1. How do the strands (runs of 3 or more DSSP E) wholly within region 85-166 filter down when requiring 1 or more residues that are within 20 Å of Phe49 (Cα to Cα) and in contact with a Pro (Cβ under 8 Å, 6 or more places away or on another chain): which remain?
2. Looking at Arg150, Arg122, Arg137, which is the one that is within 17 Å of Phe66 (Cβ to Cβ), modelled with pLDDT of 90 or more and surrounded by 16 or more Cβ atoms within 10 Å (Cβ to Cβ)?
3. What about Ala10, is it in a helix (DSSP H, G or I) and at pLDDT 95 or above?
4. Tell me whether region 253-267 contains one or more residues that are at positive phi and touching a Leu at 6+ places or on another chain (Cβ under 9 Å).
5. Taking into account only those residues within region 12-59 that are closer than 24 Å to Ser126 by Cβ and polar (S, T, N, Q), which is surrounded by the fewest Cβ atoms within 10 Å (Cβ to Cβ)?
6. Can you tell me which residues in region 203-247 are in contact with a Phe, Trp or Tyr (Cβ under 9 Å, 6 or more places away or on another chain) and charged (D, E, K, R)?
7. Residues being touching a residue at least 12 places away in the same chain (Cβ under 8 Å) and not in a strand (DSSP E or B): count how many of those fall in region 252-275.
8. Within region 185-230, can you find the residues that are at pLDDT 95 or above and acidic (Asp, Glu)?
Amino acid sequence: MGIADQDARAGDAQLLDIGHDRTCSCPGNHLNCMSPKEWLRSQIGVWRFYYESRDIRNKSEHPATFPISLAKRCIELFTHRGELVLDPFAGSGTTLVAASDLDRNAVGFDLNQAYVDLADRRLRLSRDRSSAGRSTRQVMICEDSRNIPRYLPPASVSLILTSPPYANLLNRARKNKSRRGDSRLNEQYGKIEQYSQDPRDLGTMPIHEYSAHVEQIFAGLLGLLRPRAHCVIDIPDMWWDNQRVTLHIEVVAALRRAGYELRNIIIWDRTNIVNRVGIFGWPNNYITMGVTFEYLLDFWRPPG
């Protein structure tokens, strides 16, 4: 679906009542509200984060989450106060919690009503602790991400920040090979920790089908972004039957076909949060552990 077709669909639908204009006093050509010192810190291409008490770490609540601090770094880097952040695979709502903390509007979409309910609970707690007097909104909607253009006007989004499902690579029983010794036999062992079994869910699809659907979904979102606005995707690579599945390459190719331009690749170094690592491949098959890093793929909508 092209941008013109998307704009026509959005015009025929009831749009979501949510703000998207900056409320800060920054010069119009500034990317964000950061100081030079804060900007310099973000230029380093390897990032580390720490979890806090509000983060979701229990995989029975959600199988794959990123920390609030990661979402905050991206939102601070690519938006101003009052602007609109979109998460098309919002899951437990971490992007929206970070947006609430930073006084940004945000909307998240997810197929799974249980995740929408979880995100709503987290947002209520976040708003209770936030400073009073903020006028921004954060809204979770249970909906297929293919239908997002019905909810938002063209060129209203200043940042897409998300972590899509990992094709069908979580749709298998866990062996906990990244854990050492008895810690492998925990409550996750043998379980399929998938988002859902909904046939629309990208997490049920083989890699070739997944790539085509990622392209379709993000092509539909491109016209919602302002020109030169960014889209950041958190994605790991994974191992399947002793072969590396390069999800990040599939995503880069899919978004390029959809009209995005890749600007930066940032490594999320997760070694500070990985404990009691198991030994892979020793002594004859060298394998780097996927759990120790992920890719933050930074695209934008090209100008013009």
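The values are calculated or read from the model by the stated rules, or taken from the named source; none is laboratory data. These numbers come from a predicted model, not from an experiment. Glycine gets a Cβ as well: all are built from the backbone with ideal geometry, and neighbour counts include every protein chain shown.
1. Result: 157-162.
2. Every option except Arg122 fails the conditions.
3. The answer is no for Ala10.
4. Taking every residue of region 253-267 in turn, at least one turns out to be at positive phi and touching a Leu at 6+ places or on another chain (Cβ under 9 Å).
5. That would be Ser53.
6. Selection gives Arg228, Asp234, Asp237.
7. So the count comes out to 13.
8. Of everything in region 185-230, just one residue is at pLDDT 95 or above and acidic (Asp, Glu), namely Glu215.
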